[in-house]
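This report refers to the structure that appears directly beneath it.
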Amino acid sequence: TPPQGPGTAVITRTKAQTRRPNMYRVLILNDDYTPMEFVVLILERFFGKSRDEATRIMLHVHHHGVGECGIYTYEVAETKVTQVMDFARKHQHPLQCVMEKK
Ligand code: TYC
């Protein structure tokens, strides 16, 4: 602020709000037992993937050990992980889903 006196004015400029939320990557891990079709179903149901994209991601995980399902804010990512882990457990598959800060 400039020194104030007769004939001076303070000009206030609000800073633009440029804060972005921390983002988290949701990953699925390969294992030897979860059926391929079940992984494709999860990617369609919980991550909004098309059948083709879900199949592509599943095969990537099958061959490379890990793959990305999507990138979300903390609470959304946490919800996805819980939904996948609950669904896999319910069907007695050992599929693992985790999140990591980007
Ligand atoms: N490797 C599993 C199989 O051969 C398929 C699979 C793919 C499992 C991706 C988990 O995240 C996974 N049946």
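I'm told Ala54 meets every condition in (1) within 12 Å of the ligand (Cβ to nearest atom); (2) under 13 Å from Leu27 (Cβ atoms) except one. Can you identify the failing condition by its number?
Here Ala54 meets the rest and fails (2).
Take region 18-34 and flag every residue that is of a type in the set (Lys, Arg) and either part of a loop (DSSP other than H, G, I, E, B) or within 6 Å of the ligand (Cβ to nearest atom) (or both).
Filtering region 18-34 for residues of a type in the set (Lys, Arg) gives 19-20, 25.
Once the filter is applied, which keeps residues that are of a type in the set (Lys, Arg) and either part of a loop (DSSP other than H, G, I, E, B) or within 6 Å of the ligand (Cβ to nearest atom) (or both), region 18-34 yields Arg19, Arg20.
Consider Glu37 carefully, then state whether it is over 16 Å from His93 (Cα atoms) and either more than 8 Å from the ligand (Cβ to nearest atom) or part of a strand (DSSP E or B) (or both). Walk me through how you get there before you give the answer.
Numbers: over 16 Å from His93 (Cα atoms): no; either more than 8 Å from the ligand (Cβ to nearest atom) or part of a strand (DSSP E or B) (or both): yes.
Here the answer is no, as Glu37 does not meet what is asked.
Answer yes if at least one residue in region 47-60 is in contact with a helix residue (DSSP H, G or I) (Cβ under 8 Å, 6 or more places away or on another chain), surrounded by fewer than 15 Cβ atoms within 10 Å (Cβ to Cβ) and in contact (Cβ under 8 Å) with a residue 24 or more places away in the chain, and no otherwise.
Within region 47-60, not a single residue is in contact with a helix residue (DSSP H, G or I) (Cβ under 8 Å, 6 or more places away or on another chain), surrounded by fewer than 15 Cβ atoms within 10 Å (Cβ to Cβ) and in contact (Cβ under 8 Å) with a residue 24 or more places away in the chain.
Which ones in region 77-102 are part of a helix (DSSP H, G or I) and in contact (Cβ under 8 Å) with a residue 12 or more places away in the chain? It would help to see each step written out before you state the result.
The initial filter retains those residues of region 77-102 that are part of a helix (DSSP H, G or I), namely 77-90.
Across region 77-102, the qualifying residues are Ala77, Glu78, Lys80, Val81, Gln83, Val84, Met85, Phe87, Ala88.
Readers should treat all values here as calculations from the given coordinates under stated rules, not as data from a laboratory. Computed from a prediction, not measured in an experiment: that's the story for all the values here. Neighbour counts run over all protein chains shown; Cβ positions are idealised from the backbone, glycine included.
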